[in-house]
Amino acid sequence: MPSGPYDADAVEEKWQQRWLDEDTYAYQESEVDDPDTAFAIDTPPPTVSGNLHWGHVYGTILQDIVARFTRMQGEEVFYPFGYDDNGIASERLTESELDIRHQEFTRREFQQKCREVCAQYEDEFTENLQSFGFSIDWDNTYRTIEPRVQRTSQLSFIDLYEQGKEYRKRAPAIWCPECETAISQVETEDDEQHSHFHDIEFGVVDSEGQRPSGSRSETGDSEAAGQEEFTISTTRPELLPACVAVFVHPDDEANQNLVGEAARVPLFDHEVPIIADERVDMETGSGLVMCCTFGDQTDIEWYQAHDLDLRVAIDESGHLTDVAGEYEGMSSDDAREAIVSDLEDDGALLDRWEITHTVNVHERCGTGVEFLVADQWYVEMLDSTDEYLEAGREMDWYPEKMFSRYKHWIEGLQWDWCISRQRSSGIPFPVWYCEDCDEAVMADKADLPVDPLSDDPPVDACPECGGEEFVPEDDVFDTWATSSLTPLINAGWDWDDEQGEFTMENPELFPMDVRPQGHDIISFWLFHTVVKCYEHTGEVPFDSVMINGMVLDEDRKKMSKSVGNVVSPETVREEFPVDAARFWAAGSSIGDDLPYQEKGLRAGEKLLQKLWNASKLVDSLTPETAPDVDEADLSALDRWLLAELDGEAAFVREKLENREFSKARDSLRSFFWGTFCDDYLEIAKERVREDDDESAKYTLTVAHERFLKLFAPVLSHISEEIWQEMYAESEAPRASEASGEAASSEFQSIHRTAWPEPTGIDADHDAGETAMAVVGALRRYKSERQLPLNTELDTVSVYGNVDGFERDIRNVMHVETLETLEAEPEIESVVTGIDLDYSVVGPEYGADVPDIEDGIENGEYEISDDGETLSVAGHELSTAEFTVERERRYTGEGEMLEADGALVIVQQ
RNA sequence: GGGUUGGUAGUCUAGUCCGGUUAUGACACCUCCUUGACAUGGAGGAGGCCGGCGGUUCAAAUCCGCCCCAACCCA
């Protein structure tokens, strides 16, 4: 071992390079003889056109701890990585980098350019990730835009279609008129914008005699007959031509008379029904709302609930259609001004005032979204919600509470999943339609990936009507339709045309063992993945789900670019060792948010230094190869340490299996620091130096190597460094043994060694604890008297079980004579109080407990001579129900200390 | 607006499912100690109406109800 402090920079870089060079963590299929020994992590692919941010690092550290830990349990771990470059973000990036427009190219050409541009970003992203030394298998990566993944996406679409799980329907879509593309709900956000409210007068159509009889009260009738107009408040008068109905809240007494009547839309003169619906917001405006095609989400709901007409007044570029008559061709802004002005001329504009309100905008350009009607493909979900719920139940959720989110999501489903996007780039639908009968013709699975815009359909004539002309589908898939297939992509799911069935290249990987995911995006990502993979394979795609929280800043605020409180991984990397960051991340309770705190990283750094220093000491005390000592000959203290360490190894294993990172980390840290370094090592080093104690040398070696392995999943670099320095040579490489391949050139990483099996050594746990407590009491004795810790003590007498530890106590605390007492030392004791054991007394005496307490408080009690019975408040309490508290005064020579489990008398 | 989760010393947290009277640990703070791995160390100390109000109970951080605050999800 090198002398001096731990040089994290050099060590970490060295091992990161070595792990990459040697493919240390590459998935070795040959190692898997039973699917149960393969462990697959389905990592969600990040968008690589943005920067690596600290949240990525945090989530990946947790995955990596699981990966490294699981390898040490003897499983072959598949830890792949994906890059999501199939999205608007990547396309925009490509356009701006190359100064082109995607419309200038075919899809294939443009996607090729996207791949080229993204490749640079991917390299940077990869380099960044690799500077954290994650045990990702860099031979197993994919890009969501690559042809192989396009093929998987299109296969998925065709498979669901053939299963009858997909349908095509003309329905509303969220549309950005600026980008001229459909976008998904998750790509929109709320924005405060200035606008105007307009009070507009609508006429009531005289429809006497046409009303259904008996539907309203007499009074309502007569009132309606007298009303000839009403007021609508709207921020969007340009939608008047799209108006298809007027709504009134069922509880709106004042306007109830209008329900069932028809309204005449000003300027455009068409008639629309007046309908009652509780989705009307009675607080805003007049309480009467016009429903258009489509002003907002509620309009869509009304359209579907009440089977209303469609009047599409705004086209894909945000201009008015022929439905708008003389306003056709105007932009919606121009049309608004023109219509308002004409309303004013007509006297129909009653009022106009400025307001600020929230509007739904496209997150990328800030333009208010429109709702257009378009042909869409949908994945049917509503008919299978029971199955999806059951699938969710079959997975282990870490933390468990996240299952309730899944449950609520399933139960709250109201829409099938729209997978069509009217973007001009992306992964195309492999579909053509017969020009004559609109029959959908799917591509042949063997031909995928295809682009209908440039490829021919697989048939010459329509199988339905014989028509020979086809129209290619020009929509592309929602990116989630691809992102939800990662388990299938990772397992190599494909269509085998010869066998006529779906196959998997690595069937042993599916279902995947764990799916990591941030809790902010589980609904639209994880859930979709479960649903899609379940439909394709009939299996739940994950055995378990590991949900991580968000990284917050030091003030527990969410990190965001606009607030400017983001932490850049590069900066952290410059300031702290990676292992310190890993220590920090491992301090999280799974699912909880974790604030980034430098002191957390500093604590990690201190632990690294402690581990390094302790290792140097162990190295200096022990020979190159572990001494050959029969475990039966070990001293009591050594047996005690190894037995305690057995317990710690089992505890850490259990906690990591349950993804209770922080419990594993904290317990191991304090056991190592407190029990090993402060208690054991202090004693052992004296024994080795003074007596050349073989038992201690053996124990130091065994325990120390075990500590390195227990730390290895969390402190990956330093544990590798020290282990390689001290133990690698003496441990037979497992990999070469099994495979017989070029063993000499392959090095054995600590992360591919086995987790410590219990030594099974028996020890007197209580005597060890008591001995440590006695040492603690003596330290305190010296400390309180401001004596150096190596002050000699003449005689120490111990009343308590420290059998076998006498010599250790003597040596470490510099005690001349240590004797153990058979009988309690000369003590005068005064009763100072009675402690009740409430868990027994409570249920036994119930409401009398306060009386008993009062009796004790006032001294109105009696303890029997043998101390077995306590008489108080008319009850006789037995010995199990109370403890007598005494103040003990030692009357003999010297000073008495109280330790946990022992009385100690010091004579200096 | 609906749902979910959380609120415990100055800070971060354990404990809450399954109630038991001295509430866990770390950081920061205060005092003392340079002994041979480590002062990024060691020994000790102080610091809490467990978000608020009510209820159940012999007993509540823990169970129930209402309220306040925060985050996230859905609208």
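How big is D for segment A:778-907, in µm² s⁻¹ as a whole number, if Stokes-Einstein is applied with the Kirkwood radius of its Cα pairs at 25 °C and 0.890 mPa s? The Stokes-Einstein estimate is 141 µm²/s. Residue-wise HN-Hα couplings along segment A:770-776, as the Karplus relation 6.51 cos²θ - 1.76 cosθ + 1.60 with θ = phi - 60° gives them from phi, are 5, 4, 5, 5, 5, 4, x Hz; Gly and Pro carry x. Normalising the average separation of contacting C-alpha pairs (under 8 angstrom, six or more residues apart) by the number of residues puts the relative contact order of chain A at 12 percent. Model label points for A:GLU390 and A:ILE521, set 7 angstrom from Cα along the Cα-to-Cβ axis, are 3.1 nm apart. Per-residue extension of 0.36 nm, minus the Cα-Cα distance of A:GLU853 and A:TRP673, leaves a gain of 60.6 nm for this segment. Each stretch of four or more DSSP H residues adds -39500 (n - 2.57); spread over every residue of chain A, this sum gives -11000 deg cm²/dmol at 222 nm. Beta-bridge orientation, chain A: approximately 75 percent antiparallel, per DSSP, counting only bridges with both partners inside.
Remark: accessible surface ordering of A:LYS113, A:LYS445, A:LYS557 (largest first) is A:LYS557, A:LYS113, A:LYS445, probe radius 1.4 Å. Subtracting the Cα-Cα distance of A:LEU310 and A:ALA754 from 0.36 nm times their residue separation leaves 153.2 nm of extension gain. Which shape class, rounded, prolate or oblate, goes with segment A:1-110 when its Cα gyration tensor gives a ≥ b ≥ c as root eigenvalues, a/c under 1.5 marks rounded, and past that a/b bigger than b/c marks prolate? Oblate. In this structure, A:SER783 and A:SER404 have a Cβ-Cβ separation that, at R0 = 60 Å, corresponds to a calculated FRET efficiency of about 0.70.
Using alpha carbons only, the radius of gyration of segment A:599-766 set against its Kirkwood radius gives Rg/Rh = 0.96. Take the Cβ atoms of A:ASP794 and A:GLN120, set R0 to 60 Å, and the FRET efficiency comes out at 0.20. Distance between the 7 Å Cα→Cβ label points at A:GLU228 and A:GLU380: 5.4 nm. Across segment A:534-640, Cα-Cα pairs more than 19 Å apart make up 66 percent of the total. About the centre of its Cα atoms, segment A:60-158 shows a dipole size close to 400 debye [charges on the beta carbon of Lys, Arg (+1) and Asp, Glu (-1) only; nearest 20 debye].
The apolar share of the surface of chain A, taken as the fraction of accessible area on carbon and sulfur atoms (1.4 Å probe, ligands and nucleic acids excluded), comes to 41 percent.
For segment A:752-908, DSSP calls about 85 percent of its internal beta bridges antiparallel.
Annotation: for a label point projected 7 angstrom from Cα along Cα→Cβ of A:GLN193, residues of segment A:361-375 with backbone N closer than 14 Å are A:361-371. Cross-linked pairs A:LYS610/A:LYS697; A:LYS407/A:LYS709; A:LYS685/A:LYS709; A:LYS532/A:LYS663; A:LYS407/A:LYS655: Cα-Cα separations exceed 31 Å for A:LYS407/A:LYS709; A:LYS532/A:LYS663.
A full extension of the chain between A:SER331 and A:GLU501 corresponds to an added length of 56.0 nm, given 0.36 nm per residue minus the alpha carbon distance. Based on Cα contacts under 8 Å between residues 6+ apart, segment A:367-494 shows a relative contact order of 25 percent. Computed from the Cα positions only, the extents of chain A along the three principal axes stand at 114, 81, 47 Å, in decreasing order. Taken along the Cα-to-beta-carbon direction at a fixed 7 Å, the label points for A:ARG170 and A:GLU816 span 10.7 nm. Using the Cβ-Cβ distance between A:THR879 and A:VAL563 with R0 = 51 Å, the FRET efficiency computed as 1/(1 + (r/R0)^6) comes to roughly 0.20.
Over segment A:350-401, the reciprocal of the mean inverse Cα-Cα separation, the Kirkwood hydrodynamic radius, stands at 16.7 Å.
Under a model in which nothing but the beta-carbon of Lys, Arg (+1) and Asp, Glu (-1) is charged, chain A shows a dipole of about 2340 debye around its Cα centre. Take A:469-480, A:335-346 and order them by the average number of nearby Cβ atoms within 10 Å per residue, most first; the result is A:469-480, A:335-346.
Shape analysis of segment A:338-428 based on the Cα gyration tensor places the equivalent ellipsoid semi-axes at 43, 20, 15 Å, largest first. By the Cβ distance rule of under 4.7 Å, chain A has these cysteines without a partner: A:CYS114, A:CYS118, A:CYS243, A:CYS291, A:CYS292, A:CYS365, A:CYS418, A:CYS533, A:CYS677. Peptide packing: for A:784-797, A:144-157, A:250-263, the average count of neighbouring Cβ atoms within 10 Å per residue gives the ranking A:144-157, A:250-263, A:784-797, highest mean first. When nucleic acids and ligands are ignored and a 1.4 Å probe is applied, A:ARG364 ends up with an accessible area of around 120 Å².
The values are calculated or read from the model by the stated rules, or taken from the named source; none is laboratory data. Remember, predicted model here, so these are calculated numbers, not experimental data. Note that we place each Cβ from the backbone using ideal geometry, even for glycine, and neighbour counts take in every protein chain shown. Heavy atoms of the whole protein, side chains included, go into the accessibility calculation; ligands, DNA and RNA do not. Shrake-Rupley method; radii C 1.70, N 1.55, O 1.52, S 1.80 Å.
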